[in-house]
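Below is one structure; the comments refer to it alone.
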Ligand code: GDP
Ligand code: MG
């Protein structure tokens, strides 16, 4: 089914992105999705959910000793989030660059955090920080059946055929 996908290494790389509760409240979901679409990445998973404490504890397990961890979980559990999986060449690193620095005060204008947020405690978006972490986070947030295998009609224009 994916026979026309080019041989460029890493074109099937995937990353987990989540618009956090503050981004949903502030009606930024559409603008955020648009940045990934216009860049040329392919959407392969999308859902709105209220993340459970259990999911968030697993998602942020590596931060559980940080002083801000309890407030981070309360923040992430405070309302619905929009989780998505984006696919494309180098998508993990490119997404981190699109998203900008964790601290919006350091995030460059033109990045999502740099354009739409001010404080580290409300930085509107999550993105996986490595290919390995992305695979674990996608498995945590999405069932296999929720991830779409589909061919983008502009594939040969975004990549080399
Ligand atoms: P990210 O990968 O850029 O999201 O950053 P981290 O993985 O280091 O931290 C995860 C999330 O925890 C960040 O996006 C922030 O929402 C939150 N966070 C990180 N550092 C701080 C901090 O110093 N204070 C507060 N309040 N939140 C933080
Ligand atoms: Mg992180």
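Expressed to the nearest 5 percent, the antiparallel share of DSSP beta bridges inside the chain is 95 percent.
Multiplying each eigenvalue of the alpha-carbon gyration tensor of the chain by 5 and taking the square root yields semi-axes of 27, 18, 14 Å, largest first, rounded to whole angstroms.
What per residue convex hull volume, in Å³, comes out for the stretch 102-161 when only alpha-carbon positions are used?
Hull volume normalised by residue count: 157 Å³.
Relative protection proxy for 148-156, 22-30, from highest mean packing down: 22-30, 148-156 (other beta-carbon atoms within 10 angstrom). Computed over the Cα atoms of the stretch 71-121, the ratio of the radius of gyration to the Kirkwood radius (Rg/Rh) comes to 1.02. Distance between the C-alpha centres of the stretch 94-113 and the stretch 118-161: 17 Å, rounded to the whole angstrom. Taking each residue as 0.36 nm, the span from residue 121 to residue 25 lengthens on full extension beyond its C-alpha to C-alpha distance by 33.1 nm.
What order, most packed first, do the peptides 78-88, 47-57, 125-135, 105-115 have when packing is the mean number of other Cβ atoms within 10 Å of each residue?
Numbers: 78-88: 20.8, 47-57: 13.2, 125-135: 17.8, 105-115: 15.9.
With the highest mean Cβ count within 10 Å placed first, the list reads 78-88, 125-135, 105-115, 47-57.
Applying 1/(1 + (r/R0)^6) with r as the Cβ-Cβ distance of residue 53 and residue 158 and R0 = 41 angstrom yields a FRET efficiency of 0.60.
Values quoted throughout were computed directly from the atomic coordinates according to the rules given, and no laboratory measurement underlies them. Please read all numbers here as calculations on a predicted model, not as lab measurements. Cβ: placed from backbone, ideal geometry, glycine included. Neighbour counts: every protein chain shown.
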